[in-house]
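Structure first, then comments.
Bear in mind that the values in this text are calculations on the coordinates, not laboratory data. Being a predicted model, the structure only gives us computed values, none of them experimental. Note that each Cβ is placed from the backbone with ideal geometry, even for glycine, and that neighbours are counted across all protein chains shown.
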């Protein structure tokens with residue numbers, strides 16, 4: 001009798017564990033990627049489990065391009081109504097010269113709550129673009 005009770009308890013524990021699966025989190029926001037001169041944006045995603053939005057991803061140089069790639073990535077976050085919440089311009093990590101394909105990672109901390117982000121846009125901006133690395137409109141006055 002003890003064997004059947006123990007077996008029933010084990011089966012009940014297994015069934016209970018199967019029912020207690022983790023709930024899927026909220027869906028990740030859609031991402032739009034816009035490649036640039038000699039640079040492909042391979043991936044972009046909103047890091048989960050963080051209070052503040054952080055976008056990470058990978059970029060790759062065009063396979064036949066051997067030179068450096070100037071510029072950066074402009075990462076923008078939008079809410080459900082289409083209002084831009086944050087924008088950051090970042091550089092990717094150093095790309096190796098000897099290996100093919102040449103890939104690198106990037107990270108952009110957006111400093112807005114991740115639950116407010118409904119859409120992400122990652123786009124290449126050239127180093128000659130004024131939008132790539134915006135400067136302050138006015139320099140601070142000297143004391």
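Rounded, prolate or oblate: which fits segment 51-98, taking a ≥ b ≥ c as square roots of the Cα gyration tensor eigenvalues, rounded meaning a/c under 1.5, else prolate when a/b beats b/c? Prolate, because a/c is 1.5 or more and a/b exceeds b/c. Modelled spin-label separation between residue 116 and residue 42, with each label point placed 7 Å from Cα along the Cα-to-Cβ direction: 3.3 nm.
Suppose the chain between residue 107 and residue 126 were pulled fully straight at 0.36 nm per residue; how much longer would it get relative to their current alpha carbon spacing?
On the way: separation 19, 0.36 × 19 = 6.84 nm, distance 1.80 nm.
Gain on extension, residue 107 to residue 126, equals 5.0 nm.
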